[in-house]
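The values are calculated or read from the model by the stated rules, or taken from the named source; none is laboratory data. These figures come from a predicted structure and were not determined experimentally. So basically every Cβ, Gly included, is an ideal-geometry build from the backbone, and we count neighbours across all protein chains shown. For accessibility, only protein heavy atoms count, side chains too; no ligands or nucleic acids. Shrake-Rupley method; radii C 1.70, N 1.55, O 1.52, S 1.80 Å.
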Amino acid sequence: MSGLRRRLSVVTGGLTRLPVVLLLAGIVLLIGTPIVTSQLPGQRRSPTVAPPARTGPQAGAVALEAAVVRAQRRLVDVPKDWSTWADLGSAYVQQGRITGDPSYYPKADGALRRSLELESTTNWKAMVGTAALNNARHEFTAARDWGRRAEALNPHSGSVHGVLVDALTQLGDYEGARTQLQRMLDVEPGVAAFTRASYDFEQRGLVTPAGDALNRALAQASSPADRAFCRYYLGELAFHNGDPRAALREYDAGLTADPTYQQLYAGRGKARAALGQSADALADYARAVQALPLPELLIEYGDLLTVSGKPEQARQQYDLVATARQLSAASGISDHLTTATYFADHGQPAEALTEAQAEWSTRRTVLTADALAWALHRNGRDAEALDYSLQATRLGWRNATFYYHRGVIRHALGDQKQARDDLSLAMTINPHFDTVQAPIARRLLDSLGGGG
């Protein structure tokens, strides 16, 4: 039994709940307590993009808004309170993550900078907030560096180790991330640590331990938003491992806990589409993107509209992808990874390769390796593509997309047996891995005599 798995097996209840951050497919989500409050020992628009829904609390949004108001009032009375400036900046980061509105990030940047101007030596809270902001903006090297500065000041805070887990994971330093995760489990083994542990297990192909860690997090979740968050990722784990019915149950349970958690509607739409419930799936996605117009959700909705025979409506969603990307870029967010895959699958191979190479130059994760492999394939460079595709599977992640891409690349190289094996594995893991690409994978596998 590994040290991390052993640590998960012995940790018990009565634990402090921290903000929950989980990085999946390059996407950062954060819910929970909005302000970093741990002390040293002894002392998560363009008019053409729909705004976030305001019909009710969205995954802790009400608590965040209240925290922002309290901090602002405090700073009116005590404008040089560097601790409150750090709290305000951290709350803005979380508002940006929860709402999908990147305009909060410049506000966060201003508040955190002001906090550090007032106190730069001992201000670990602002350093953690700055690391979280850089993670949200996909500036992972900067996030790592700020996290390490905070760790030097306060190695006893779970939030310090949490931002380092996130940054190192997204930089491809998986062993370094695991070391930080162990430290987080040691000092604050709560919801935030268990959800990160789940992702670590999932990346290594350990699906059962990943689910166990999420269930441990769920057992300790103390708010509707946290319970919805845990249910969402339990649903994602089930869906990505080929069980849309189990995924649908988790998404529904999450919506029972918090019907304003918008990602759950997209998840439910994905599961319903896999189960042939197209009309309900489209309705769920429409609701999700209205409230949370993230590029990845717009792409998924557009693809579902495409296969549902609604090309004009699909085009509207694809047009919004470009608008959302522009809005994100204006707020300091760079997401070459999502863009590379989108371009590769939507007829822009040269642009896909440019984006994938830009991402690879800054972070060499298994996700980036897969995106670069696929972009190279789309440009007819399959020998190079295979090298990167092999890198993508090096951790053992049971990711159907990785094996689909590798199967297609091997087919292009004339290795039909290995292509059949890879495609068969992809469809075994999850025959519904992508609305558009999964049927293509099935047809290719059938043509190779592997349809079963």
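Among the residues examined, S331 does not qualify as modelled with pLDDT of 95 or more, open to solvent by less than 20 Å² (accessible area, probe 1.4 Å) and not hydrophobic (A, V, I, L, M, F, W, C). The set of residues in segment 306-339 being assigned to a loop (DSSP other than H, G, I, E, B), hydroxyl-bearing (S, T, Y) and within 22 Å of G96 (Cα to Cα) consists of S331, S334. Number of residues in segment 212-245 that are of a type in the set (G, A, S) and in contact with a Phe, Trp or Tyr (Cβ under 8 Å, 6 or more places away or on another chain) equals 6. For segment 334-349, the candidate set comprises residues that are open to solvent by less than 20 Å² (accessible area, probe 1.4 Å) and among the small types (G, A, S); within that set, the residue that is farthest from Y104 (Cα to Cα) is A344. Please verify whether segment 167-189 includes one or more residues that are open to solvent by less than 10 Å² (accessible area, probe 1.4 Å), β-branched (V, I, T) and within 24 Å of R227 (Cα to Cα). Within segment 167-189, not a single residue is open to solvent by less than 10 Å² (accessible area, probe 1.4 Å), β-branched (V, I, T) and within 24 Å of R227 (Cα to Cα).
Given the structure, is S90 among the hydroxyl-bearing types (S, T, Y) and open to solvent by 20 Å² or more (accessible area, probe 1.4 Å)?
no
Per the listing A352, A281, the residue uniquely over 21 Å from the mean Cα position of the chain (by Cα), part of a helix (DSSP H, G or I) and surrounded by 23 or more Cβ atoms within 10 Å (Cβ to Cβ) is A281. Just to be sure, is R287 outside any helix (DSSP H, G or I) and either modelled with pLDDT of 95 or more or touching a Leu at 6+ places or on another chain (Cβ under 7 Å) (or both)? So R287 fails the test.
Among the basic types (K, R), within 19 Å of the chain's Cα centre (by Cα), open to solvent by 20 Å² or more (accessible area, probe 1.4 Å) and more than 20 Å from L423 (Cβ to Cβ): does that describe R364?
yes
Screening S198 with (1) more than 27 Å from G396 (Cβ to Cβ); (2) of a type in the set (S, T, Y); (3) in contact with a Leu (Cβ under 7 Å, 6 or more places away or on another chain) gives one miss only, at (1).
Rundown of residues vs (1) among the charged types (D, E, K, R); (2) open to solvent by less than 50 Å² (accessible area, probe 1.4 Å); (3) touching a helix residue (DSSP H, G or I) at 6+ places or on another chain (Cβ under 6 Å), yes/no style:
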{"position": "A371", "(1), (2), (3)": "no, yes, yes"}
{"position": "A375", "(1), (2), (3)": "no, yes, yes"}
{"position": "D382", "(1), (2), (3)": "yes, yes, yes"}
{"position": "R410", "(1), (2), (3)": "yes, yes, yes"}
{"position": "D421", "(1), (2), (3)": "yes, no, no"}
{"position": "N430", "(1), (2), (3)": "no, yes, yes"}
{"position": "D434", "(1), (2), (3)": "yes, yes, no"}
{"position": "L445", "(1), (2), (3)": "no, yes, yes"}
{"position": "G450", "(1), (2), (3)": "no, yes, yes"}
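The single residue among G396, G407, G414, G380 that is of a type in the set (G, A, S) and closer than 17 Å to Q203 by Cα turns out to be G396.
Quick one: A273 ticks every box in (1) assigned to a helix (DSSP H, G or I); (2) at pLDDT below 95; (3) crowded, with 23+ Cβ neighbours inside 10 Å except a single one, so which number is it? The one condition A273 does not meet is (2). Checking each residue in segment 182-197 for being touching a helix residue (DSSP H, G or I) at 6+ places or on another chain (Cβ under 7 Å), in a helix (DSSP H, G or I) and not polar (S, T, N, Q) picks out R183, M184, L185, V187, V191, A192, A193, F194, R196, A197.
Looking at segment 408-452, which of the residues that are polar (S, T, N, Q) and either more than 26 Å from the chain's Cα centre (by Cα) or outside any loop (DSSP other than H, G, I, E, B) (or both) is farthest from W397 (Cα to Cα)?
Filtering segment 408-452 down to residues polar (S, T, N, Q) leaves 416, 418, 424, 428, 430, 435, 437, 447.
This time we only want the ones that are either more than 26 Å from the chain's Cα centre (by Cα) or outside any loop (DSSP other than H, G, I, E, B) (or both), so: 416, 418, 424, 428, 437, 447.
On the way: Q416: 23, Q418: 18, S424: 16, T428: 14, Q437: 19, S447: 26 Å.
The residue in question is S447.
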